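Trainee: Can you keep this structure in mind? I'll have questions shortly.
The values are calculated or read from the model by the stated rules, or taken from the named source; none is laboratory data. In this text the structure is predicted, and so the values were computed from the model without any measurement. Ideal geometry is used to build each Cβ from the backbone, glycine not excepted, and the neighbour counts take in all protein chains shown. With ligands, DNA and RNA removed, areas are computed over all heavy atoms of the protein, side chains included. Shrake-Rupley method; radii C 1.70, N 1.55, O 1.52, S 1.80 Å.
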Amino acid sequence: MSKEESSKSNRRTTRSSAAAVLRDSGETKKTYHPHIPTLNDLVFGEDTISKEDLLSSFPGRHAQILELLNLLGPLNSPMLPLFVYGGTSSGKTSVILQTFRHLNRPFVYSSCRTCYNLRTLFESILNQLLLHQKDAGSGYLSAKRCEKPSDFVNFLREALVKVVNTLQGNPGKLSTKKLTGQGHGHMIYLIFDNLELVRNWDKSSSILPFLFNLHEVLNMNEVGFLFISNTSPDTYYSNMGYLEPIPVYFFEYTEDDLRQILSRNQTNQEMYSSFLSIVLGPFCRITRQVNELSIAFSSLYKTYREASGDLNNVPNESSKRARFSHFQPHIAPALNQIFKISSQRSELNNLKEPKRKGGSKKLGGFDSSEDLDFHMSTSAKYLLLSAFLASRNPATLDASLFDSTGGASSRKRKKRPSEKAIEQKEISEQELLMKGPGTFPLERLLAIFQCITSVAETSLEDVQGDVVMESQNEDSELMSDVLLQLSSLCNANFVVKGGSCPLEGSTRYRSTVSEDMASKVARSIKFPLSKYMYRR
């Protein structure tokens, strides 16, 4: 290449001009052909899968797949909105996408994780429906600038009508491969994933009912709606009326399901099966999320294989005991690492303890050296204590017990109560004692949970500022997945549902934990439980 050509290509060189320069110079030519979106992009690829392959790809999800196929219905059949929910890493998104791959039907997928606000969500849906690609040719701009829900409804209706008319006018042309008994049809499906994240957006109280009400607002039989969430439909109730979607629940995997999932794509199946027989039971008591288990087992499996000289040797009955004794000390640290049960709190207390003069440290009159005989995440422990306090304390005392100055210790008695007031107080206390633990709504539980976790963060800052900065990210994660933790506590019978209030229309809960158990949990995280308890 000459100097003139080089200087000429360096000035505002575009892809087309650079390709022309290479063509003139006789070098290897590679022209840039931008991808032009078509209706084929609304289908999950060109290769479809059979129903047998779909069922075999997801162990433990046969019932959910068959239910989805039944609710989606035959080709071109109208459907009601679906609400698919379940815990994290339970296969919801993968099952739905592979189901549409099997059905070979067009859909628009939008995740509320990547679409972090209302505008990006609206524009993402419109860009897919209008077959618009954000690239250099379009200036990386969207097809429509849309921020208001009213504008989105108009733009969405226009785009959907255009796509549906194209599908109805060109049957059989959407996919390059025709399948017997299957086809794309003229239905279009809108999939909203990670819907629980919308609650963290601005004006979320009006956004969620708007999304749920799109089916009735559009009133188009050719459009189907699917909502995917990690939380149950109860967390989305509001005062605005809309047609409740049909729930589809993805329950937790069983041990057999997890064994099949984790054993897939393993070179030495017998070795890995022997490894799972040791670790899967203890870990399943703590979590059944595939992503967490796969990360924890990847390092543990290396340690398990290193226990013997021959890595391909399958342990027999005589060598299993020796290998287990070598491998057992690595299980408990891995269990704690999954839930980030940090030892920094105890390290901070040890740093502060030499400064004190006197005996051993006690919290609430109990020795802090006593440990729990079961594993539980830090956020679940705080949530369990919040439920215990909500059941044992009257709701009228929440403002005084959980004030900004640190709780009941800062209250000052202004005047001495009369004998009549003391007598009435004793009568009310006896009535409360006869009633047992009371029920509480979800809002009160979350409020107490936020208060006691913020108090815990403040106490850590008083101990040592520099070390707390390192654990700030772990402490900030206490508010994550609270509703999933509540579901786990309900499954373990630590918290039970106490029915619904006819006036509020929300579910109420009741703690079944005794005071001794609550004190034991509080000692494990160095929380002063007695400071926030109302003594009767």
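Trainee: Exactly one of these conditions fails for Phe527: (1) assigned to a helix (DSSP H, G or I); (2) open to solvent by less than 20 Å² (accessible area, probe 1.4 Å); (3) modelled with pLDDT of 80 or more. Give me its number.
Mentor: (1)
Trainee: Identify all residues within the stretch 37-76 that are over 30 Å from the mean Cα position of the chain (by Cα) and free of Cβ contacts under 8 Å to residues at least 12 places away in the same chain; write none if there are none.
Mentor: Scanning the stretch 37-76 gives a single hit, Pro74.
Trainee: Quick one: Glu252 ticks every box in (1) open to solvent by 50 Å² or more (accessible area, probe 1.4 Å); (2) assigned to a helix (DSSP H, G or I) except a single one, so which number is it?
Mentor: (2)
Trainee: Which residues, taken from the stretch 90-114, are touching a strand residue (DSSP E or B) at 6+ places or on another chain (Cβ under 6 Å), within 15 Å of Val290 (Cβ to Cβ), assigned to a helix (DSSP H, G or I) and not β-branched (Val, Ile, Thr)?
Mentor: Lys92
Trainee: Can you tell me which residues in the stretch 195-247 are under 16 Å from Met79 (Cβ atoms) and within 19 Å of the chain's Cα centre (by Cα)?
Mentor: Hits for the stretch 195-247 are Leu226, Phe227, Ile228, Pro247.
Trainee: Can you tell me which residues in the stretch 67-87 are under 24 Å from Leu262 (Cβ atoms) and open to solvent by 40 Å² or more (accessible area, probe 1.4 Å)?
Mentor: Tyr85
Trainee: If I filter the stretch 423-455 down to residues being polar (S, T, N, Q) and open to solvent by 100 Å² or more (accessible area, probe 1.4 Å), which single residue comes out as modelled with the highest pLDDT?
Mentor: Within the stretch 423-455, the subset polar (S, T, N, Q) is 424, 428, 430, 439, 450, 453-454.
Going one step further and asking which of them are open to solvent by 100 Å² or more (accessible area, probe 1.4 Å), we end up with 424, 430, 450.
On the way: Gln424: 72, Gln430: 61, Gln450: 84.
Across the stretch 423-455, the extreme among qualifying residues is Gln450.
Trainee: Looking at the structure I just gave you, is Ser77 assigned by TED's automatic domain parsing to the domain that holds Gln168, on the phi > 0 side of the Ramachandran plot and in a loop (DSSP other than H, G, I, E, B)?
Mentor: no
Trainee: Criterion first (at pLDDT below 85, under 24 Å from Asn200 (Cα atoms) and either of a type outside the set (Gly, Ala, Ser) or touching a strand residue (DSSP E or B) at 6+ places or on another chain (Cβ under 8 Å) (or both)) does Asn239 satisfy it?
Mentor: Details: at pLDDT below 85: yes; under 24 Å from Asn200 (Cα atoms): yes; either of a type outside the set (Gly, Ala, Ser) or touching a strand residue (DSSP E or B) at 6+ places or on another chain (Cβ under 8 Å) (or both): yes.
For Asn239, the condition - at pLDDT below 85, under 24 Å from Asn200 (Cα atoms) and either of a type outside the set (Gly, Ala, Ser) or touching a strand residue (DSSP E or B) at 6+ places or on another chain (Cβ under 8 Å) (or both) - is met.
Trainee: Scanning for something in a helix (DSSP H, G or I), in contact with a helix residue (DSSP H, G or I) (Cβ under 6 Å, 6 or more places away or on another chain) and surrounded by 14 or more Cβ atoms within 10 Å (Cβ to Cβ), does the stretch 221-233 turn up at least one residue?
Mentor: The answer is no; no qualifying residue exists.
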